[in-house]
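Enquirer: Here's a structure for you.
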Amino acid sequence: MTPADRPPDLTLQEAADQLGVHYMTAYRYVRTGRLAATKQGAVWRVRPADLDAMRAETERPRPGRHGTGEAPGEHWAKRLEARLVAGDGVGTMAVVDTAMGAGIGLDDLYLEVISPAMASIGYRWAIGELDIADEHRASVLVYETLGRLAARFARPGRSRGTVVLGAAPGETHALPVTLLAGLLRARGFAVDNLGADVPARSFRAAAAVAERLVAVGISVTREEHLDGARAAVVALRASARPVHVLVGGNAVADEAVAWHLGADGWASSGAVALELVEALPPPPTGADVTR
């Protein structure tokens with residue numbers, strides 16, 4: 001079908017009429033990601049195909065039930081992705097709040113909703129379906145959303161110790177460690193998140209001053225940065241302070257790669273990273289004599 005043959009887009013009021021709902025109900029569908037729409041000036045426009053897709057979604061069994069084979073996180077990830085690509089901050093938080101209200105826990109929200117949504121956006125940019133501006137806009141919006149969630153789920157009281165996190169030297173992908181940082185903080189750990197492209201010496205410096213150090217986690221997304229990750233581990237081993245090092249990310253394909261890097265543990269996923277950190281012995285509660 002050529003663009004000339006495609007049915008004209010609908011106004012939101014026309015979409016609401018076809019759905020048999022009030023305009024504000026249709027508007028809520030858009031802001032919570034149920035109905036895909038784009039804003040042209042001050043007017044929301046809906047493609048007939050997207051309206052049909054919503055009808056089909058409404059008519060089929062809910063995700064994760066009745067043997068549909070689709071996990072609940074996948075359903076919410078698609079809705080979140082649409083709001084992120086649209087640059088819709090209000091809609092993004094509405095999807096997040098609605099998902100949690102429907103029973104999605106914080107771990108699943110981070111690892112099964114936000115992470116897959118951003119991975120899909122990155123893939124769509126890589127194949128030319130999205131512009132780099134779309135990817136950057138979505139990334140900024142995700143970090144803003146994570147900041148709001150971090151404040152909401154901050155755990156008061158004495159921390160369980162400090163975890164230092166960062167992406168390997170040369171590695172520009174900081175979202176994996178940021179997601180992990182949020183979940184560790186919600187579990188009561190203090191986190192020193194160094195972000196992307198952390199020099200080896202900076203991992204060592206951060207570990208040296210961390211209060212009640214539990215572990216250092218290094219993320220590697222691309223294989224060309226594995227040497228940088230190994231250099232970071234070597235720098236940490238050269239410290240007088242004992243350090244438990246975990247590595248993970250798409251470039252760390254298996255346990256053998258982790259051992260080659262010199263790490264103590266391999267986090268095959270964000271969920272495994274959480275398990276590994278929580279399984280470590282707690283640091284001393286008194287003065288840290290290793291500092």
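Enquirer: Does Val142 satisfy the criteria of being exposed (fewer than 15 other Cβ atoms within 10 Å of the Cβ), in a helix (DSSP H, G or I) and of a type outside the set (Ser, Thr, Tyr)?
Expert: Details: exposed (fewer than 15 other Cβ atoms within 10 Å of the Cβ): no; in a helix (DSSP H, G or I): yes; of a type outside the set (Ser, Thr, Tyr): yes.
No; evaluated as a whole, the condition is false for this residue.
Enquirer: Can you find, within the range 219-231, the residue that is farthest from the chain's Cα centre (by Cα) among those that are touching a residue at least 40 places away in the same chain (Cβ under 8 Å) and part of a helix (DSSP H, G or I)?
Expert: Ala231
Enquirer: For Gly195, are the conditions met, namely being surrounded by fewer than 18 Cβ atoms within 10 Å (Cβ to Cβ) and not assigned by TED's automatic domain parsing to the domain that holds Arg222?
Expert: For Gly195, the condition - surrounded by fewer than 18 Cβ atoms within 10 Å (Cβ to Cβ) and not assigned by TED's automatic domain parsing to the domain that holds Arg222 - is not met.
Enquirer: Do you know which residues across the range 260-281 are aliphatic (A, V, I, L, M) and outside any helix (DSSP H, G or I)?
Expert: Ala263, Ala267, Leu280, listed by residue number.
Enquirer: If only one of Val216, Val243, Val257 is assigned to a helix (DSSP H, G or I) and assigned by TED's automatic domain parsing to the domain that holds Leu175, which one is it?
Expert: On the way: Val216 fails: assigned to a helix (DSSP H, G or I); Val243 fails: assigned to a helix (DSSP H, G or I).
Being assigned to a helix (DSSP H, G or I) and assigned by TED's automatic domain parsing to the domain that holds Leu175 holds for just one of Val216, Val243, Val257, which is Val257.
Enquirer: Go through (1) outside the structural domain of Tyr123 (by TED's automatic domain parsing); (2) at pLDDT 95 or above and name the single condition Val142 misses.
Expert: (1)
Enquirer: With the condition kept exactly as written, say whether any residue in the range 121-128 is assigned to a loop (DSSP other than H, G, I, E, B) and surrounded by fewer than 12 Cβ atoms within 10 Å (Cβ to Cβ).
Expert: Yes, the conditions are met somewhere in the range 121-128.
Enquirer: Also, quick follow-up: Please go through (1) touching a strand residue (DSSP E or B) at 6+ places or on another chain (Cβ under 7 Å); (2) modelled with pLDDT of 95 or more for Ala174 and return the number of the only condition it doesn't satisfy.
Expert: The failed condition is (2).
Enquirer: Also: How many of the residues in the range 94-116 are more than 15 Å from Gly182 (Cβ to Cβ), part of a helix (DSSP H, G or I) and not β-branched (Val, Ile, Thr)?
Expert: Step one: filter the range 94-116 for residues more than 15 Å from Gly182 (Cβ to Cβ), giving 94-95, 97-99, 101-103, 116.
Narrowing the set further to residues that are part of a helix (DSSP H, G or I) leaves 94-95, 97-99, 101, 116.
Checking the rest, the ones that are also not β-branched (Val, Ile, Thr) come to 94, 97, 99, 101, 116.
Result for the range 94-116: 5.
The values are calculated or read from the model by the stated rules, or taken from the named source; none is laboratory data. Since the model is a prediction, treat every value here as computed from it, not as a measurement. Cβ atoms come from the backbone with ideal geometry, glycine included; neighbour counts cover every protein chain shown.
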